[in-house]
Structure formats: C-alpha cells, structure tokens
Amino acid sequence: MANKGRPGAIRKNKKGPSVGTGGHGRKALEGKGPTPKAEDRVYHKAYRAKQLAERSAAKRQGAQRPAARGRRTTDEVVTGRNSVVEALRAGVPVKALHVAVRIDMDDRVRESLKLAAERGIPVMETHKQELDRMTDDAVHQGLVLQIPPYDYADALELAEETVAKWKKGHIANAPLLVALDGITDPRNLGAIIRSVSAFSGHGVVVPERRAAGMTASAWKTSAGAAVRVPVARAANLNSALKAFKELGIYVLGLDGDGDVALPALELATEPVCLVVGSEGKGLSRLVRENCDQIVSIPIDSAMESLNASMAVGISLYEVSRKRAAQ
C-alpha cells in the first residue's frame, strides 16, 4: 500500500513516550521542592537580618566567657583609609591588606598599595560582605589591615636572660626594665616602649589582665621602637616583681610622695626595674609594698602629677645620665 503521508516520511513503530504523556519532562514535573524561607535566601533582607542577629548573639556569648590567659588567638584589624595608611607608614607588623573589590581609588588607597608592595605584604581583593564580617560592620572604607597577634615574652624569662647576658658581658649596661601597673591605654604603652628604646632599656613588663596590650595603636605610638624592645607578660605582676628581686634587680616605684627624689637616686647604676602606675590611681597597694624604694620626680606644686609615659621618660633619662657618669 502506497504511503499517503508526506513524501520521504518514515513511520516509526518504536514504543516509548509520546507527546503529551509527560515522559519527556519527568524531572521538570517533579518540581524544586518547597520555597525556602525568606531568612534562608541569600539575597533577601531577612537573610541579612538573621546573620546580624546571630553575630550579635555570638559576641554576647564571647563577652560572658572569661578572658583567655596568655596570647591572643585572633587577629586584630585596622580599618579605614587614614588609619590603614598611617599604620603602614609606622611599620606596624601586618599579616595582610584587604582591599574591597572595585574600590574607588584615591591617594590613600594608592599609597597603601605602594607601601604594602614595598614591604611584601599580601594584598587580598575582598568583597564588601567579607570586609563587613571581618570588622564587625565597622566603617572600613574598603581598606582593612590584619595585624597578627603579638608574641609576648615571659616576664621572668626576659629578666633571667637579661641578667645572664649582663653578667657574661654581652650587654654593657646593667639590666633596665619598666613594669606597668594599671595602665590600660595602649598609646601610653607605645610611648613608654619608645622611651625604653631611646635610653637603652631592655624590656617592658605588663600584667596579663586589666592592662594595655600590643595593639595597632601601641605599635603606631612606639614609632617602630616595638621592633627593638621586647614586651613581656606577667600572670601576676607582684609575683614577677618578687622574682626580679631574687635575681638581684632593684624594684623602684615611681610616685609623687616617694622615699627619695629622682636626682638623689643612688641605685640607678644597679640592675633596676622601674614600676609606674596610672596617672589617676598611681601604684596599687601590693605593688607599692613590693618596691625596694619609691622614687618621686620633683615638679612644680601647681602640677598634681605627670602622665605615666612622661614620668617614665624623665626617670629613664636620669638613670641613663647617672650610668654614663659612672
């Protein structure tokens, strides 16, 4: 029988799905499941609100936990174009420079990139969402520096090593340390480190708790001196001072109503640890009791007290002058 269809047409008798049976789009017919909740959709504002709520809860939990002893385990960050370029100029140790994707270039961004390249600092192009997460939503202007945790020395080990080097003749001057009692401003710590470096001191000792640490602010204020002067931590400052005395180091507290005036200090040429308290409260009672002498700096009666870093600088100058005249 002649084919009455189109010329050249071939009739297929093969069994299988035909148009309209749904066999051709079985997966499509299965659907994509229920619509996700708004808070689970990345591009929905409810998702962002959920993320912020979880982050706030995590921060509250962290605040309730006791502070960890010893070294910090998280990186510090410096945010904002002015702060970043100033930190890079000051030589603050940097782990990485994060730059926002498609950042608007200006002189501060260009200088930051140039300084990072000169120092071999890794430059990471980072999305704004990640920069927001790193900085806890601080204003970063597209620039963030990661500062590695400071590697603190142990207070007793620093004192022992310094005394040993002096006795062996490896260092010319007698050990000269500065301990901080109740100083919480990192800028004061940075300024004291700078003075210790200027007058040939051998280290700075800070308590583990309720004390200033080596933050980016301390690094900047030290003007690079923190590279040369070690900062050590003491679990208990009073115990550390007692150990220093057993090593032959005289502990001298700086206070306005001292036993001896700074110009009359006779122990300046001996191994010394100067202890300075906060400008408002001064030395704590126990620290004061552990001092061999309390030294005062003569000042005009109209001035109640000196800033801690200024008092340390004046005292270190006098100790250095007496040692040079020996």
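The values are calculated or read from the model by the stated rules, or taken from the named source; none is laboratory data. No experiment lies behind these values; they were computed from the predicted model shown. Methodologically, a virtual Cβ is constructed for each residue, glycine included, from the backbone with ideal geometry; neighbour enumeration extends over all protein chains shown.
Annotations
Conditions (1) assigned to a helix (DSSP H, G or I); (2) surrounded by fewer than 22 Cβ atoms within 10 Å (Cβ to Cβ), marked per residue:
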{"residue": "VAL205", "(1), (2)": "no, no"}
{"residue": "ARG209", "(1), (2)": "no, yes"}
{"residue": "GLY213", "(1), (2)": "no, yes"}
{"residue": "SER217", "(1), (2)": "yes, yes"}
{"residue": "SER239", "(1), (2)": "yes, yes"}
{"residue": "ALA243", "(1), (2)": "yes, yes"}
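- Test result for ALA117, free of Cβ contacts under 8 Å to residues at least 24 places away in the same chain and more than 23 Å from the chain's Cα centre (by Cα): no
- Strands (runs of 3 or more DSSP E) enclosed by segment 246-323 - at least 2 residues per element that are not hydrophobic (A, V, I, L, M, F, W, C): 250-254, 293-296
- The lone criterion from (1) closer than 30 Å to THR221 by Cβ; (2) surrounded by fewer than 16 Cβ atoms within 10 Å (Cβ to Cβ); (3) at pLDDT 85 or above; (4) β-branched (Val, Ile, Thr) left unmet by VAL101 is number (1).
- Pick from segment 100-130, criterion assigned to a helix (DSSP H, G or I) and among the polar types (S, T, N, Q), ranking: farthest from ALA87 (Cα to Cα): GLN129
- For segment 133-162, a residue qualifies if it is surrounded by 19 or more Cβ atoms within 10 Å (Cβ to Cβ) and part of a helix (DSSP H, G or I), and the qualifying residues are ALA155, LEU158, ALA159, THR162.
- Scope segment 187-212; condition in contact with a helix residue (DSSP H, G or I) (Cβ under 8 Å, 6 or more places away or on another chain) and among the basic types (Lys, Arg); matching residues: ARG187, ARG194
- Residue, nearest to ALA212 (Cα to Cα), within segment 163-180, restricted to residues that are outside any helix (DSSP H, G or I) and of a type outside the set (A, V, I, L, M, F, W, C): PRO175
- Residue within segment 183-193 that is under 30 Å from ARG110 (Cα atoms), free of Cβ contacts under 8 Å to residues at least 40 places away in the same chain and of a type in the set (Gly, Ala, Ser) present: yes
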